[in-house]
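Reading through the structure tokens given below for one structure.
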Amino acid sequence: MDITLIDQRNFHLFQPLLYQVATGSLSPANISAPLRGILCGQKNVRVLLGEAVDIDPRARRIILRDGAEFEYDSLIVATGSQTSYFGHDQWSEWAPSLKSVEEATAIRHKILYAFEAAERVSDPAQRQAWLTFVIVGAGATGVELAGALGEIAHHTLKRDFRSIRPEEARIVILDGSPRVLPSYPEILSTRAEKSLARLGVRVRSGVKVVALDANGVTFHTAEGAEQRYESKTVLWAGGVTVTSFGRTLAARTQAPTDKCGHIAVHADLTIPGYPEVYVVGDLASIAGDGGKPLPGVAQVAMQGGSYVARAIRRRLDGRREIPPFHYFDKGELAVIGRGSAVADIFGLRLSGLVAWLVWLFIHLMYLVQFQSRVVVFIQWGFHYLTFDRGARLITGALETDTITADRDP
């Protein structure tokens, strides 16, 4: 068979470690790999740089943004997801999310710049605003970001400044759920929250963000009271939604979708009425055991990709009967900080150092290139021994006009 891979990026990104780029532990190259390099040994695979924007499912044709068209016999759509601001897309200007390398470096800029700005200002209120970090979302991304921020404030930058004490930074997680890591067993959520507390992170559960701007975030508590944090650094780790191509695909095929736009697929991951179109990963709504949709996590996407490859081979071999997709849940992992993590693996509920070691091993093994595994392992070793984060780079333009400088001699 001849395979064409079309992507608007020329690299594969290992998203589970993207938060470490955002907090200065790793550089983007450590968790990325060129697609052509990964697939250079597959002589029947052609890699093309481009963005799919439309589809003619009856003619079996994909249309790219530049007008190019490609025909297919089988189509696999795995466009993932994008950040959802729940109808308030304007909030993205002040609260970046964590889905791409650009967003990760933008967050790194905001975090490190906040400490630099606090060093320069003399007004206590302004300094407090610069040293207040608010994370919206208490899922794995929010928890991992908060834990890394706590380590930066309490260890990495502890001796780097003269006018401020970084360890006095205020780090807050806001979420509408009753606890952090709501998809995890309650005992692991409790342990994760205790680990966050040791790093100075405060969790505000059961709240709803109602306003967000350059100077802070306003939210309603469970009792209905309105409160606000004055903060120059708000980070978004909230929900996700489908991509624009996913919405176009659903419209063109008249496929059923859920309220978030995920496409409901058959048991063989095909779209109803179009047995040659497969949907894999975050874009698909796949019924698991008991009819409950499978979570939008990497495990589901990876197992779905392997299943579709086998299904296409069976069809090419003339075997019509294809067993339905079955998801094998290996568990969930989230790291809080140095030597601290929670894990729910094969029914085992682990926390602390043991869970952290499991997290390290699994994430190293899933990095695509062997070279990246070695480099990341060495980086983590130095970080564990010294708390140093070697990628603490503030890139991009400095918004110095936003700082009221301390003009005392």
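No value in this document is a laboratory result; all are computed from the given coordinates. For clarity, every value in this text was computed on a predicted model and none was experimentally measured. Note that each Cβ is placed from the backbone with ideal geometry, even for glycine, and that neighbours are counted across all protein chains shown.
Let me have the relative contact order for segment 4-77, percent, based on Cα pairs under 8 Å that are six or more residues apart. Reported relative contact order: 29 percent. If you wrap the Cα atoms of segment 255-404 in a convex hull and average its projected area over all directions, you get 15.2 nm².
Each Cα pair under 8 Å and six or more residues apart adds its separation to the average, and for the chain the resulting relative contact order is 19 percent. Rounded to the nearest 10 degrees, the angle from helix 101-120 to the longest Cα principal axis of the chain is 0 degrees.
Multiplying each eigenvalue of the alpha-carbon gyration tensor of segment 19-80 by 5 and taking the square root yields semi-axes of 30, 16, 10 Å, largest first, rounded to whole angstroms.
With both labels modelled 7 Å from their Cα along Cα-to-Cβ, the Met1 to Val210 distance reads 5.3 nm.
The GNM of the chain, with springs linking C-alpha atoms under 10 angstrom apart, assigns the highest mean-square fluctuation among Leu398, Leu283, Leu199 to Leu398.
Rounded to the nearest 10 degrees, the angle from helix 186-198 to the longest Cα principal axis of the chain is 40 degrees. Each residue of segment 64-76 is assigned a 3J(HN,Hα), and the resulting list reads 8, 4, 7, x, 5, 10, 9, 8, 9, 9, 10, 10, 10 Hz, derived from the Karplus form 6.51 cos²θ - 1.76 cosθ + 1.60 (θ = phi - 60°), x at Gly and Pro. Taking the longest Cα principal axis of the chain as reference, the axis of helix 140-151 is set at about 30 degrees. Electrostatic bookkeeping for Val234 treats Lys and Arg as +1 and Asp and Glu as -1; over the other residues with beta carbon under 10 Å from its beta carbon, the sum is +1. The calculated FRET efficiency for the pair Lys259 and Arg162, based on their C-beta separation and a Förster distance of 51 Å, comes to about 0.45.
Peptides 24-32, 322-330, 289-297, 184-192 ranked from most to least packed by the mean count of surrounding Cβ atoms within 10 Å: 24-32, 184-192, 322-330, 289-297. Among the trypsin sites (Lys or Arg not before Pro) found in segment 220-259, those both in a DSSP coil and sparsely packed, with 15 or fewer other Cβ atoms within 10 Å of their Cβ, are Lys259. Counting only DSSP beta bridges whose two residues both lie in segment 258-346, roughly 80 percent are antiparallel. Within the chain, what percent of beta bridges assigned by DSSP are antiparallel, to the nearest 5? Around 60 percent of the beta bridges assigned by DSSP in the chain are antiparallel ones.
Taking a ≥ b ≥ c as the square roots of the eigenvalues of the alpha carbon gyration tensor, segment 248-317 is oblate, as a/c is not under 1.5 and a/b does not beat b/c.
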